[in-house]
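Below: one structure, written as structure tokens.
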Amino acid sequence: MSLTLRSGFSFGGALSMLFPADKIKNEQSFLENTDEYWMSKALVKSMENASIANPNPSVGCLIVKNNELISSGCTEIWGGRHAESIAFSRLSPADLSGSTVYVTLEPCTHVGKQPPCIELFKNKGIQKVVIASKDPNPLVAGQGLIKLKEMGIECVTGVLINEVQAWLAPFFVQQKHKRPFIALKWAQTLDGCLADDNNGWQWISGENSRKYTHWLRQKYDAILIGVGTLLNDFPSLDIREIQHPNKRNPLKMIYDPFGKIFQCDKIEQEKLKEKTFKEGTKKIIFINSSVLAIEKSKKNEWLQSIIQNKDFLIVPLGEQNQPQFTKSLLESFLGKEIEDFLGRPLQSVLVEGGGRLLSAFIEEKCFDLIHIFIAPFFLGGEKHKLFSSAQKGFLSYPLKEVSTVQRYIMKVQEKLGEDILIELVQNEMN
């Protein structure tokens, strides 16, 4: 993905799915009944099952005949039907004859939890297939296009490819690098404050930014925060600002290397139970293995209640003196223990804070994407800035010079209410 996305599109998909047209500055419009027009609608369709399809890509498929939409589909829950299967199931061969199929990702050619979608296209009289992007899965990787052409079907590729690949970025990264996609997110003032020096942060960003944040929580599999943020804010980390047919709260992950959670007093324990640790949501606590052994030896009742709770998983980490701070976390993300706990492979993680944890991920270049919301005011203070020297960080941060720092690649710049949304990557995602 080498180009900036068109206005109205982001790594969260088509902003029109979340906001009315008058809420998006310079929203991209397409000439009606063009390939771009129908593909933009296929992308919107693909957003219907955000998160529940993971680790499969959430794909959209439209079938158009005589400039009219006659069927559509979106990938179901992981293991369920693919978008093409749903769209085709609603039509007869006569309906499909002479139609054009728009699909955001190349039809699969292999047998997985579902039969290969490419078989649906055989002997249906389909006139044309328009595909946004090839499938990076080595089991497909262009084979779908070859088979369509062998069937005598006209194929067009690359329509809204950047926008679709941005939406499917976690799937592309997982296929290419065999690891979860890591996104960082924060809201800040014009002078870079993530909170005031009295630890107050509600609300730096505006209503539209918060709605987009909750949409990202819907899209990604898990949220990761540090224990400092947990015990300062007692955040719920759930989804409140959006209405979605398949609304689901993400997996909550807490980085707590020194076991501060297990040293909470009764009042703090009750706050956690009411907010972050409320029943019915899955939680993971990452803690240094030696600290966990010490806490277990204390016969801590609070710790024992967490260990016995099926909604919790405690993951022991290696010690912090290893060469890379984020290494243990990344290795844990790949572990079978988390996959079994989540009920599917972990495809994506959204790191929401606080500043110390975000700074460590940035310093070690351990991320694929950054979502930043910039609010139009100055706050002052030093405590809650990235790489702050006002409080002890997880790492030491050497002073850098302007001439030597890495400059990131801005893919998205959108006005959300009074805020500016910026989305950055380290390198091109090709």
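The values are calculated or read from the model by the stated rules, or taken from the named source; none is laboratory data. As the structure is a computational prediction, the values presented were derived from the model and not from experiment. Cβ sites come from the backbone with ideal geometry, for glycine too, and all protein chains shown count toward neighbours. Ligands, DNA and RNA are stripped out before the accessible areas are found, and what is left, the full protein with its side chains, is counted by its heavy atoms. Shrake-Rupley method; radii C 1.70, N 1.55, O 1.52, S 1.80 Å.
So the values come out like this:
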item	result
Å² per residue, accessible surface of the stretch 148-240 at 1.4 Å	34 Å²
Cα long-axis angle, helix 207-219 against the chain (0 to 90 degrees, to the nearest 10)	80 degrees
Percent accessible area from carbon and sulfur atoms, the stretch 319-407, protein chains only, probe 1.4 Å	54 percent
Reachable lysines from residue 65, criterion Cα separation under 25 angstrom, eight or more residues apart if same chain	41, 45, 122, 124, 128, 134, 147, 149
Estimated inter-spin distance, residue 312 and residue 331, nm [label 7 Å along Cα→Cβ]	2.4 nm
Paramagnetic reach from residue 91 (point 7 Å along Cα→Cβ, amide N under 14 Å) across the stretch 140-181	154
Whole-Å semi-axes of the chain's equivalent ellipsoid (Cα gyration tensor)	41, 25, 19
Heavy-atom SASA rank of 414, 76, 301, 154 (probe 1.4 Å, accessible area, largest first)	301, 154, 76, 414
Candidate lysines for bridging to residue 385, where Cα separation is under 17 Å - those fewer than 8 sequence places away on the same chain excluded	185, 400
Nearby aspartates and glutamates by direct alpha-carbon distance to residue 219 (threshold 18 angstrom, same-chain neighbours under 8 apart not counted)	48, 76, 163, 238, 241, 339, 352, 368, 423
With DNA, RNA and ligands ignored, accessible area of residue 185 (1.4 Å probe; Å², nearest 10)	30 Å²
Subset of 211/415; 296/327; 275/299; 282/336; 252/310; 211/336 violating a 21 Å alpha-carbon distance limit	296/327; 275/299; 211/336
Residue 203-residue 146 FRET efficiency (beta carbon distance; Förster radius 45 Å; 0.05 resolution)	0.30
Rule-of-thumb Rg ratio for the stretch 55-113 [Cα; 2.2 N^0.38 Å; N residues]	1.13
Antiparallel bridge percentage (DSSP; both residues within the chain; nearest 5)	40 percent
Net charge, residue 189 excluded, C-beta distance under 14 Å - Lys, Arg +1, Asp, Glu -1	-4
Estimated D of the stretch 308-372 in µm² per second, where Rh is the Kirkwood radius over Cα pairs and Stokes-Einstein applies at 20 °C, 1.002 mPa s	159 µm²/s
Computed over the stretch 325-430: relative contact order in percent, which uses C-alpha pairs under 8 Å that are six or more apart	27 percent
Overall Cα dimensions of the stretch 324-430 - principal axes, largest extent first, Å	45, 34, 28
Centre separation in Å (Cα based) which lies between the stretch 370-430 and the stretch 136-190	27 Å
Viscosity 0.890 mPa s, 25 °C: Kirkwood-radius Stokes-Einstein D of the stretch 197-281 over Cα pairs, µm²/s	174 µm²/s
